[in-house]
Amino acid sequence: MPSHHLPIDLPLELAVSGAMWVATVIIHLAGLMTLLKLGRLHLTHGRTPWLALDRILVPILFALSLFALHSLEVLAYAVLFKGVAATQTWEQAIYYSTSAYSTAGVGGQTFANRWRVTGGLESLNGMLLIGWSTAFLFQNLHRILTNEDDHPLPAGAIAKASPRPSRSGRGAP
């Protein structure tokens, strides 16, 4: 693409990238909220009589659901890349999107110059959403798999006590 087109095309590409960020964050938030509801539904109505089985099933279902959620977000970018003819085939679009989203890099993949910035911004988006999923998975599995009596480490065992008396009214607690 001639370089004199870049200034005109870049604002459009940035606007499309921003819209994709908003869309994927909304998809991710809706997916995590749904996963929480399904987790609660399983724990209140679908628990097995074998605790060991639930301790295996719930983490596997959470992880598979997060994988499906990320796959949907990768697919959204692939649809964009194919739709704007940044790639020639669906396989290229999915491969490029997966490489960008996972920040693995695009080994040898050719890509239209006009949409390379979107691919780079997809990497930042993927990094954020993967981190969000990791925090979600850790927090929720920790919450349902442990209770304070069963945890092998005591809570606050090496926490430093505050030098100020509690409720001093000054600063953060």
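Bear in mind these aren't lab numbers, they're just calculated from the coordinates by the rules spelled out. Just so it is clear, the structure is predicted and the values come from calculations on it, not from any experiment. For neighbour counting, all protein chains shown are included, and Cβ atoms are generated from backbone atoms with ideal geometry for every residue, glycine included.
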Practice task
Mind ranking 33-42, 61-70 by how tightly packed they are, going by the mean number of other C-beta atoms within 10 angstrom, highest first?
Solution key: 61-70, 33-42
Exercise for the section: Label region 3-145 by shape, choosing from rounded, prolate and oblate, from the square roots a ≥ b ≥ c of the eigenvalues of the Cα gyration tensor; if a/c is under 1.5 it is rounded, and otherwise prolate applies when a/b is larger than b/c, oblate when it is not. Expected result: prolate
Practice task
Return I27, I94, I158 ranked ascending by Cβ neighbour count within 10 Å, so the fewest neighbours appear first.
Solution key: I158, I27, I94
